[in-house]
Amino acid sequence: TALVATTIVLALVVDNFGIVFGLISSLCTPGICMVIPIVFGDIIRAKIGAKRSGPVRWFFHALILLLALFTLVIGFADSFLALIKSMTGQRT
C-alpha cells in the first residue's frame, strides 16, 4: 500500500529517523495539544447548550492559537531544513 511504500522510501532516503519524526511532530503536536481542545470544547458547549466562553477567555484562546501557529511554523521550518540538509549530505 501507499503507507508501506512511503515508509520504505523514507527509510532509504533519510539517514536519521529523528529528523522525520521531528517534522511530523511539528505538524501534528500544535493541533493536537492546542487547537483541537479549544475548537472541540466550543463545539461541545454549543451542542449541549452550555454557557459559551466569554470574551476574556476567547482572548486567551486566541493567544494560545497564535502560539500554536508560531510553533507549527518554526518547528516545521527547522525540521524541514534539517531534512533537506540530511538528504543532501550536509552536517546539521
Could you grab the pairs with beta carbons closer than 9 Å, sequence gap of 6+ or different chains, first residue in segment 58-81 and within 12 Å of V35 (Cβ to Cβ), second one assigned to a helix (DSSP H, G or I) and charged (D, E, K, R)? H61/D42
Do we find a residue being within 12 Å of the chain's Cα centre (by Cα), touching a residue at least 24 places away in the same chain (Cβ under 8 Å) and open to solvent by 80 Å² or more (accessible area, probe 1.4 Å) anywhere in segment 34-46? no
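Could you tell me which residue of segment 65-83 is farthest from D15 (Cα to Cα), considering only residues that are open to solvent by 70 Å² or more (accessible area, probe 1.4 Å) and among the aliphatic types (A, V, I, L, M)? Walk me through it before giving the result.
Taking segment 65-83 and keeping what is open to solvent by 70 Å² or more (accessible area, probe 1.4 Å), we get 66-67, 69-70, 73-74, 76, 78, 80-81.
From what is left, the residues that are among the aliphatic types (A, V, I, L, M) are 66-67, 69, 73-74, 81.
On the way: L66: 33, L67: 31, L69: 29, V73: 24, I74: 22, L81: 14 Å.
The selected residue is L66.
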If the Cβ limit is 7 Å and pairs must be 6+ apart or interchain, which residue in segment 3-30 that is touching a residue at least 60 places away in the same chain (Cβ under 8 Å) and over 19 Å from L72 (Cβ atoms) pairs with which residue that is open to solvent by 70 Å² or more (accessible area, probe 1.4 Å) and part of a helix (DSSP H, G or I)? V13/M87; V14/M87
Evaluate the following for F59: is it at pLDDT 95 or above and open to solvent by 60 Å² or more (accessible area, probe 1.4 Å)? yes
Being touching a His at 6+ places or on another chain (Cβ under 8 Å) and of a type in the set (A, V, I, L, M, F, W, C) narrows I32, I38, I19, I64 down to just I38
If S53 meets every condition in (1) among the polar types (S, T, N, Q); (2) part of a loop (DSSP other than H, G, I, E, B); (3) in contact with a Pro (Cβ under 7 Å, 6 or more places away or on another chain) apart from one, which number is that one? (3)
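The values are calculated or read from the model by the stated rules, or taken from the named source; none is laboratory data. What you see is a predicted model, and the numbers here were worked out from it, not measured in a lab. Ideal geometry is used to build each Cβ from the backbone, glycine not excepted, and the neighbour counts take in all protein chains shown. Only protein heavy atoms, including side chains, enter the accessible area calculation; ligands, DNA and RNA are left aside. Shrake-Rupley method; radii C 1.70, N 1.55, O 1.52, S 1.80 Å.
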